[in-house]
Amino acid sequence: MVVLGIETSCDETAAAVVSGAGKICSDLVLSQLDEHRPYGGVVPEIAARSHMDHIDRLVGEAMAGAGLTYAELDGIAATAGPGLIGGVFVGVMTAKAIALAWEKPFLAVNHLEGHALSVRLSDAIDFPYLLLLVSGGHCQLLAVEGVGRYRRLGGTIDDALGEAFDKTAKLLGLGYPGGPAVEQAASKGDPAAFDLPRPMLGRPGLDFSFSGLKTAVRHAADKAGVLAGAGVLAGAGDDGGHDQTRADLAASFQAAAGDILAERCAKALALFEKDYGTPGPLVVAGGVAANRSLRARLESVAATAGSRLVAPPPKLCTDNAAMIAWAGVERLGLGLVDPLDFAARPRWPLESLSAGG
Ligand code: KG4
Ligand code: ZN
């Protein structure tokens, strides 16, 4: 089985071909970073137009890279939500057109399911597993029971963690995208330099909150004289000591985020073991899962709980089309094909998916 996957839900135009055996035959990601950088965030209109400009060529290159003709495909998968709807339309229309022209099954993939199942492409692990999904738009703890079968155990009540990373980077003038910039700055900083809050720590339940942490970063940056002015980005010429203060604040923020994730995941692992009779594994996916320091924290949490951390390689954590093609493979294998009038959707909770397996 071979499936073409298309991802256009945010600021990456991506196309990939993946086989049923889990072989990534081609995997192309075209980042729009440079187009959005002047605005310090993703501009939906620019994103949609850029997807339009590049998707045909990228799909052609992914097919050529895999050495396949369209006739040899078993299915065409595209992210059909959730995401920036203008971009989602582009991917969905492209996939539907190919499916229609070549009389192949169309697979409408939930972007979050792509992240949730990506670990089965990289590590071939079995259900069930505990999933921490941490990206720019989402922060959730889920019990993954099977394809299309997700039980939400907790989630953020305000910002997603990736969003908090992005805002912290913006406040400190570290540049865009924020996650990798904060991680890089943090590697040179002292995580104990600033005393930042750990919202929700010790509270019952498994929800997260990051907006208070973000506000605390703003106050601390202001007080320390490193709050970036509107539109001020990295490399704008620095003065003595401020770089170190920014690094310290980035490291302190990352440490607070790590403490929050660690405490919530430890609780979730205990609950998971009670409900499923097995201690995990704990899987971390989504863009923030690319962060090495957070991965290390979660590794030790999992080990303490008698579990293990499984994380896809960073390239499979940030947005990509291989995970969409793979979700397509999994769904096609269960006969979960979608009609050509399937509507793209900006919001699409994982718990509402059709179940299989
Ligand atoms: O999964 P993703 O590529 O897109 C969404 O579906 O949201 O995640 C993007 C998010 C951004 O907020 C980005 O700043 C964050 O993931 N991110 C990171 C790192 N790399 C990406 N956050 C922390 N550390 C990183 N190394
Ligand atoms: Zn994503």
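The values are calculated or read from the model by the stated rules, or taken from the named source; none is laboratory data. These numbers were taken from a predicted model, which means no experiment stands behind them. All Cβ positions, even for glycine, are placed from backbone atoms using ideal geometry, and neighbour counts span all protein chains on display. Keep in mind that these areas ignore ligands, DNA and RNA; they rest on the heavy atoms of the full protein, side chains included. Shrake-Rupley method; radii C 1.70, N 1.55, O 1.52, S 1.80 Å.
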(message) Can you compute the charge dipole magnitude of region 129-311 about its Cα centre, using +1 on each Lys and Arg Cβ and -1 on each Asp and Glu Cβ, nothing else charged? Give it in debye, rounded to the nearest 20.
(response) 460 debye
(request) Restricting to the chain, compute how many DSSP beta bridges are antiparallel as a %, nearest 5. (result) 60 percent
(message) Among 284, 22, 137, which residue has its Cα furthest toward the positive end of the charge dipole of the chain, with +1 on Lys/Arg Cβ and -1 on Asp/Glu Cβ?
(response) 284
(request) Could you state the accessible area per residue of region 129-311 in Å², with a 1.4 Å probe and every protein chain left in place? (result) 40 Å²
(request) Give the shape of the chain as rounded, prolate or oblate, defined through the alpha-carbon gyration tensor: a ≥ b ≥ c are the square roots of its eigenvalues, a/c under 1.5 means rounded, and otherwise the shape is prolate if a/b is larger than b/c and oblate if not. (result) oblate
(message) Please report the carbon-and-sulfur percent of the accessible area for region 21-71; probe 1.4 Å, protein heavy atoms only, DNA, RNA and ligands left out.
(response) 57 percent
(request) State whether region 129-311 is rounded, prolate or oblate according to the following rule on the C-alpha gyration tensor (a ≥ b ≥ c being the square roots of its eigenvalues): a/c under 1.5 gives rounded; otherwise a/b larger than b/c gives prolate, and the remaining case gives oblate. (result) prolate
(message) Cα atoms only: what Rg and Dmax, in Å, come out for region 1-146?
(response) 15.4, 43
(message) Is the C-alpha gyration tensor of region 1-68 telling us rounded, prolate or oblate? Criteria: a/c under 1.5 is rounded; beyond that, a/b larger than b/c is prolate, otherwise oblate.
(response) prolate
(request) For the chain, find the longest principal axis of its Cα atoms and tell me its angle to the long axis of helix 211-223, 0 to 90°, nearest 10. (result) 40 degrees
(message) Run the helix sum for the chain: -39,500 (n - 2.57) per DSSP H stretch of 4+ residues, divided by residue count, reported at 222 nm to the nearest 500 deg cm²/dmol.
(response) -14000 deg cm²/dmol
(message) Take the chain, mark every one of the trypsin sites (Lys or Arg not before Pro) that falls in a DSSP loop and has at most 11 other Cβ within 10 Å, then report the longest stretch left between them, sites excluded.
(response) 24-346
(request) Heavy atoms only, probe 1.4 Å: what % of the accessible area of region 129-311 goes to carbon and sulfur, would you let me know? (result) 51 percent
(message) Between 0 and 90 degrees, rounded to the nearest ten: what's the tilt of helix 111-122 against the longest Cα principal axis of the chain?
(response) 80 degrees
(request) List, in the order given, every pair from 170/315; 96/315; 214/267; 167/223 whose Cα-Cα distance in the structure shown is over 20 Å. (result) 170/315; 96/315; 214/267
(request) Give the ranking of 317, 10 by solvent-accessible surface, highest area first, calculated with a 1.4 Å probe. (result) 10, 317
(request) Looking at region 129-311, send over the antiparallel percent of its DSSP beta bridges, to the nearest 5. (result) 65 percent
(message) At a threshold of 8 angstrom on Cα-Cα distance, excluding pairs fewer than six apart, so keeping six or more, what relative contact order does the chain reach in percent?
(response) 25 percent
(request) Measure nothing fancy, just the Cα-based angle from helix 161-171's long axis to the longest principal axis of the chain, in degrees from 0 to 90, nearest 10. (result) 50 degrees
